[in-house]
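Enquirer: The structure is given below, and queries will be raised subsequently.
What follows draws every value from the coordinates through simple rules; no lab data is involved. Predicted model, so just to flag it, every value in this text is computed and none were measured. Cβ coordinates were reconstructed from backbone atoms using ideal geometry, including for glycine residues, and neighbour counts include every protein chain displayed.
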Amino acid sequence: MAAFESALDLIGNTPIVDVSALSPNPRVRILAKLEGQNPGGSVKDRAAKYMIEEAEKDGRLRPGSVLIESSSGNTGIALAMICKVRGYHLKVVLPENVSIERRQLLLVWGAEIIPSPGGEGSNGAMRRAIDLAEEHPEWVFLHQYSNQANAKAHYEGTGPEIWRDCPEITHFIAGLGTSGTLMGAGRFLKEQNAAVQVWAVEPPVGEMVDGLKNLDEGYIPELFTANDGFDLLDRKMIVRPRESIEWTRRLTEVGVFAGISSGAIMAAAVKAAKLLDEGTLVTIVCDGGWKYLSTGAWTDDLDDVEARAKGIIYF
Amino acid sequence: MPAVRLPTVLRTHAGGAAVVEAQGETVADVLAWLEVTYPGMASQLLAPGGAAHRFVNVYVDDDDVRYLDGLATKVGEGAEVSILPAVAGG
């Protein structure tokens, strides 16, 4: 293999591995695309790279620029890595109740953390970022929840990679989050074969995270509505923290050390496999388990981990 | 009877209960029952015209009803209906 010019060139082209040993139905294969193999450690490297390169092309980002973004962790970490390499300064509005490793990684890459109240969750962090961006028009706000480059990264990257490696795909199952992965890769896959079903997995919501003051603080990303998400998706399931943790553990049986949101996606894939007669499901493993070691997810008593999960944002 | 899991923000209407036993054969029936039993609760969930607000997700047995039959989605005897605000991740 030739040497890569930059670590950022390692983003994308992630491997797909067969994890059907965990499928409850012998006629349903389950394949997992390992996004934790990206250099920044998560699927968010893709969106971060596209959003930054687009802003460089249209002149919004220049040497020494300051960026503001809200993130529950992974997008912030991905942006911070690229900003460090390219010489930008990143400020991340981060809910206080994310795992310690997320905070540590942001600091590794030199990002500045602006804490937001844990009870407001990701939605609250995003509202604060919007306010700060308005107060500081000189800062560049890429806004992952509405930036089309986010979905484009998956339309041009994740989707074609899946189609190349697994053209027999019948179902694409991924987490909702910003909706970038589902909108981009989902649309690409449906364009190749209209019969491909796109299923969303709602991130496991802890009690603290649904502790919003008003229901209208609920938020649907602009990216989702701008891409006709309600039409594109065929199904959406929610997975509870306990199941998410159980399947995060089960993934280790096939050699996959994954983050907890990937356990949620795997739990949904297993449900799907039970419902279907046959098929080939492709799921996304969003990140590796490294950032969640402090939660005790693999080793502590399941009841304890579940109780703790109610106060932590881990997607 | 279907069980309804309430989001934190709606629990004050139900005396702080996280789960209530409801009645009804469809999601619409269950929401109507909630509104009669706990006045002011379900009206927050519906947009003008009667559909669920876009920032609210209603699930029957962990499946979002928008991708099933919407408010006409059947709710079985032992089913669980969950109401959750839409939350962004990333």
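Enquirer: Exactly one condition in (1) among the hydrophobic types (A, V, I, L, M, F, W, C); (2) within 11 Å of another protein chain (Cβ to nearest Cβ); (3) touching a helix residue (DSSP H, G or I) at 6+ places or on another chain (Cβ under 9 Å) is not met by A:ALA125; state its number.
Expert: Condition (3) is where A:ALA125 drops out.
Enquirer: While we're here: So which residues in segment B:1-56 are out of contact with any Pro (no Cβ under 7 Å at 6 or more places or on another chain), in a strand (DSSP E or B) and either free of Cβ contacts under 8 Å to residues at least 24 places away in the same chain or not hydroxyl-bearing (Ser, Thr, Tyr) (or both), if there are any at all?
Expert: Scanning segment B:1-56 gives B:ALA3, B:VAL4, B:ARG5, B:VAL19, B:VAL20, B:GLU21, B:LEU46, B:ALA52.
Enquirer: Filter segment B:71-90 down to residues that are of a type in the set (Gly, Ala, Ser) and within 11 Å of chain A (Cβ to nearest Cβ) and give me whichever is surrounded by the most Cβ atoms within 10 Å (Cβ to Cβ).
Expert: Per the stated criteria, the residue is B:GLY90.
Enquirer: Further question: Restricting the search to segment A:218-263, which residues are away from chain B (no Cβ under 13 Å), assigned to a loop (DSSP other than H, G, I, E, B) and of a type in the set (Val, Ile, Thr)?
Expert: Correct list: A:VAL256 only.
Enquirer: Separate question: Among strands (runs of 3 or more DSSP E) lying entirely in segment A:1-92, which contain 3 or more residues that are in contact with a Phe, Trp or Tyr (Cβ under 7 Å, 6 or more places away or on another chain)?
Expert: Because the criterion is at least 3 residues that are in contact with a Phe, Trp or Tyr (Cβ under 7 Å, 6 or more places away or on another chain), the strands (runs of 3 or more DSSP E) in segment A:1-92 that meet it are A:66-70.
Enquirer: Within segment A:152-195, count every residue that is within 25 Å of A:SER70 (Cα to Cα), assigned to a loop (DSSP other than H, G, I, E, B) and small (Gly, Ala, Ser).
Expert: Within segment A:152-195, residues that are within 25 Å of A:SER70 (Cα to Cα), assigned to a loop (DSSP other than H, G, I, E, B) and small (Gly, Ala, Ser) number 2.
Enquirer: Go through (1) buried (at least 16 other Cβ atoms within 10 Å of the Cβ); (2) in contact (Cβ under 8 Å) with a residue 60 or more places away in the chain; (3) among the aliphatic types (A, V, I, L, M) and name the single condition A:LEU90 misses.
Expert: So the condition that A:LEU90 fails would be (2).
Enquirer: Could you grab me the full set of residues in segment A:93-108 that are surrounded by fewer than 23 Cβ atoms within 10 Å (Cβ to Cβ), charged (D, E, K, R) and either in a helix (DSSP H, G or I) or within 14 Å of chain B (Cβ to nearest Cβ) (or both)?
Expert: A:GLU101, A:ARG103 - these are the residues of segment A:93-108 that are surrounded by fewer than 23 Cβ atoms within 10 Å (Cβ to Cβ), charged (D, E, K, R) and either in a helix (DSSP H, G or I) or within 14 Å of chain B (Cβ to nearest Cβ) (or both).
Enquirer: Are any residues in segment A:128-151 crowded, with 16+ Cβ neighbours inside 10 Å, away from chain B (no Cβ under 14 Å) and assigned to a loop (DSSP other than H, G, I, E, B), and if so, which ones?
Expert: Of everything in segment A:128-151, just one residue is crowded, with 16+ Cβ neighbours inside 10 Å, away from chain B (no Cβ under 14 Å) and assigned to a loop (DSSP other than H, G, I, E, B), namely A:TRP139.
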